[in-house]
Amino acid sequence: MTARAKKLLSYLLKLSIIALAFWYVYHSILKNNKNIHDFHVLVAQITYTRVAITLTVIVVLMVVNWLLESLKWWFLMRELHPIPVWRAIESVFCGLTWAVFTPNRLGEYAGRIMFLPNRKRIHGVFVMAVGSFGQNVITNVLGAGASVWFLYSFLHLDSWLMLGIAVVAAGFMAIMLTFYFNIRWMVSLLNRVKFLKKFHRFFDIMGKYNTAELLEIMWFCLARFLVFTFQYYLIIHLLIPEIPILEMSLMMFVFFFIQSAIPSLDFLDIGVRSVTANAIFGYITNQHIAVIVAVSIIYIINLIIPAILGSAFVFKLKFFDRTA
C-alpha cells in the first residue's frame, strides 16, 4: 500500500469513527423520548441566573486555561528563542485555529511555530513536544489511577485480575513519570537510531531541560488539567447536581484518559466525546442528554471559541520569513 493510500485509509477510518459516533448519539439517545423528557424535567429546575453565572465562570476558566498554556509555551521557548508573553499568547491561539481542522490537532504545531524565525521553526516542534509530553503524562498518570478505581467500583472484576491491573497501571504510571523527568534518556535512544542520527540537533533541544525546569513545566500542565476538570465539574453539577464531586472528578480523569487515545478531527470531535462521556457516566447517571450537553458546551467554549479568536492572529503569520 502506498503512503498516499495509507493516509487516505487513515482519514476514512477516522471519519467513519466520527460518523458512527454521531449516529449512535442521535439514534440511541436523542431519539429516545424518555431521555428527552428526563432532560426537560431536569433543566426546568435550573434558573437563568445559575446558568449565566456558571457559563461566565467557565468562560473565565477557558481564558485561564489557555493563558497557562501560553505561559508554558513562553517558558519552554526560553531554551530556544525567548519570546514576549504576548507573542506566546498569539501563537497559542493561532495554533488552536489551525488545530480544529487538522487530524489529532497537528495543525496546532504549525500555527505556533510559524510565529518563530524560519531557522527556529523545526526546533520549535520539538520544544512543543516537551510541553505536550508533560500534559500527556498528567492525563495518563491520573487517568490510569482513576481507571483502576473505575474497574474496581463498577465492573467488579476478579480480585487477582484487579491486582494484576493495578500493578500494570502502577508500572505504567512509573514509566511515564520516569521518562518525563529523564527525557534525556529518550533523546539518547533516538540518537542511537541510525536513520534518525541526522536529526540529533533537533532531538538535543528536548534534552536541554533539567529536572527543575521539567518540574515547573509539569506544574503548568497540572494547573491546566485541574482548570478544565473544574470546568466540567461546574457544568455537570449544574445539570446533574446529585453526582458527588469526588466520583465526578475521577470519572472525568477516566474520560480524559480514554479521549486522549482516540484519534479524531477537532471540528468533528464532539460526537466522539459525547459517546465516550455517555458510556463512562452511564454508570452513575441515566441523564444521558445532560452529559452530552455538558461535554458539548465545554467543547465549544474551550476549543471553538478560542479557535475563532485565534483567527485574528493568522494574519500576522510570516510564511516566508527568512530571519535567523
Checklist entry - Scanning region 266-280 for residues that are in contact with a Phe, Trp or Tyr (Cβ under 8 Å, 6 or more places away or on another chain) and closer than 18 Å to ALA146 by Cβ, which turns out modelled with the highest pLDDT? => result ILE280
Item to check | Criterion (open to solvent by 40 Å² or more (accessible area, probe 1.4 Å), touching a residue at least 12 places away in the same chain (Cβ under 8 Å), in contact with a Lys or Arg (Cβ under 9 Å, 6 or more places away or on another chain) and of a type outside the set (D, E, K, R)) met by exactly one of ASN136, ASN118 | outcome: ASN118
Checklist outcome for this item: If we take region 179-240, then helices (runs of 4 or more DSSP H) inside it with 1 or more residues that are open to solvent by 50 Å² or more (accessible area, probe 1.4 Å) and closer than 26 Å to TYR299 by Cβ are 211-239
Checklist entry - Looking at region 219-262, which of the residues that are among the small types (Gly, Ala, Ser) and within 12 Å of the chain's Cα centre (by Cα) is farthest from PHE75 (Cα to Cα)? => result ALA261
Checklist entry - Quick one: which of LEU142, LEU157 is open to solvent by 30 Å² or more (accessible area, probe 1.4 Å), within 17 Å of ALA261 (Cα to Cα) and not basic (Lys, Arg)? => result LEU142
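The values are calculated or read from the model by the stated rules, or taken from the named source; none is laboratory data. Quick caveat: nothing in here was measured; it's all calculated off a predicted structure. Virtual Cβ from ideal backbone geometry, glycine too; neighbours counted across all protein chains shown. Calculation scope for accessible area: heavy atoms of the full protein, side chains included, ligands and nucleic acids excluded. Shrake-Rupley method; radii C 1.70, N 1.55, O 1.52, S 1.80 Å.
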